Amino acid sequence: MGLMDKIRGEFVDIIEWLDDTNSTLAWRFPRYDNEIKNGAELIVREGQQAVFVYRGQLADRYEPGHYALTTENMPIMSTLQGWKHGFNSPFRSEVYFVNTRPVTDFRWGTPQPVTVRDPDFRMVQVRANGTTIVKVVDPAVFLRQVIGTESVVDMEQITDLLRRTVALAFSDMVLATGLGAIDLQGRQVELSDKLREFVAQRVASFGLGVDAVTMTISLPEEIQQAMTRGVARGVEAGGFADNVRDPNRYQQVQAADAMLAAAQNPGGGAMGAAMQAGMGVALGGQMAGAMQGSFAQPAPGYAQPGYGQQPPPLPVQQQFHIDLDGQAAGPFPVDQLRQFVAAGRLTPQTNVWTTGMSAWAAASTVPALQSLFGGPPPLPGTPPPPPPAG
């Protein structure tokens, strides 16, 4: 090697970054002990920025383009180097290339469920996940806060930081909106842009920006099942929330589920038919009651004594659990147990139990059920019939 070749080897002629990855965010040019000479070429490609760092201080920044490094286009470096009479001798400086293209495959999720106050279900724990499009928007801030002295920074090195930031932003966004769990899931497309604003405010301190955030909110399984039952019965618009909050109505829904399951049981036989008949009677009674309530209002101008007063609540029927084929079923009201008697599934010897009983007992020994297996009980004060003449 000649003397001139050796001298040329000590100087850097071309400074560039050929990035063949989709995840590298920053890369330091490997200068080693070489010096940058006057007139050296700097090539910054689209989606990149180049930043010069001299003795730990940020110097000149370059957008995409082709540059010849001279005093004229290195104003900050000229000041730091004290080049009062121009750039004559080679100098040493670190050069960082920063990737400014968006990274589109970053996925996030809430590591722990977020508790939401819901008007229908009280406190609900929801989870969320989605994707985020993130990119470096301020290379100088990114260099100070993230790169430091690293020679290469890729997405894997900041993944945990970003996921924690997005998860906390989601929790803050949910609290700020004040929406319940059902509304959050129903408006998640609209709320995705709001979440993007929350995330962008937090990652700006790292020199990052967020172009878009997608979000999918997941509700607990039991809440989804309750919603499905409400929609199936057509009560979502007119009183699904009341149906959930009212224990009596919720028990009616559960009883209807049990009746429907028994009626659809292929092996139910007469039992299934009886259950279907019972369901028809119960539903018919509910519809009749609703119609009666709708026509009970007096005509305009018609005075009715006592109108406007609420009637007292109907007495709650006593309900019993019964032994059906060795399995406890129920609870069922007394009127429904008549269907079991007609189907032959409830006999005087069938074991039953209700609240207040210490143990299971034969149905014939329970006073409230004795009328199911014979005539109506005698009226109070009526003497017993005389014994038949022998």
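Bear in mind these aren't lab numbers, they're just calculated from the coordinates by the rules spelled out. The structure displayed is predicted, hence computed values, not measured ones. Note that we place each Cβ from the backbone using ideal geometry, even for glycine, and neighbour counts take in every protein chain shown.
Working from label points 7 Å from Cα in the Cα-to-Cβ sense, the A368 to H66 distance is 9.5 nm. The peptide list 46-58, 163-175, 136-148, put in order of mean Cβ contacts within 10 Å with the highest first, becomes 163-175, 136-148, 46-58.
Computed over segment 64-175, the P(r) curve from all C-alpha pair distances, binned at 5 Å from the origin, holds 2, 8, 14, 13, 13, 11, 9, 7, 7, 5, 4, 3, 2, 1, 1, 0 percent per bin. Summarised as an ellipsoid, segment 126-180 has semi-axes of 29, 12, 9 Å, derived from the eigenvalues of the Cα gyration tensor scaled by 5 and square-rooted, with the largest first. Using R0 = 30 Å, the C-beta based FRET efficiency linking E221 and K194 works out to 0.65.
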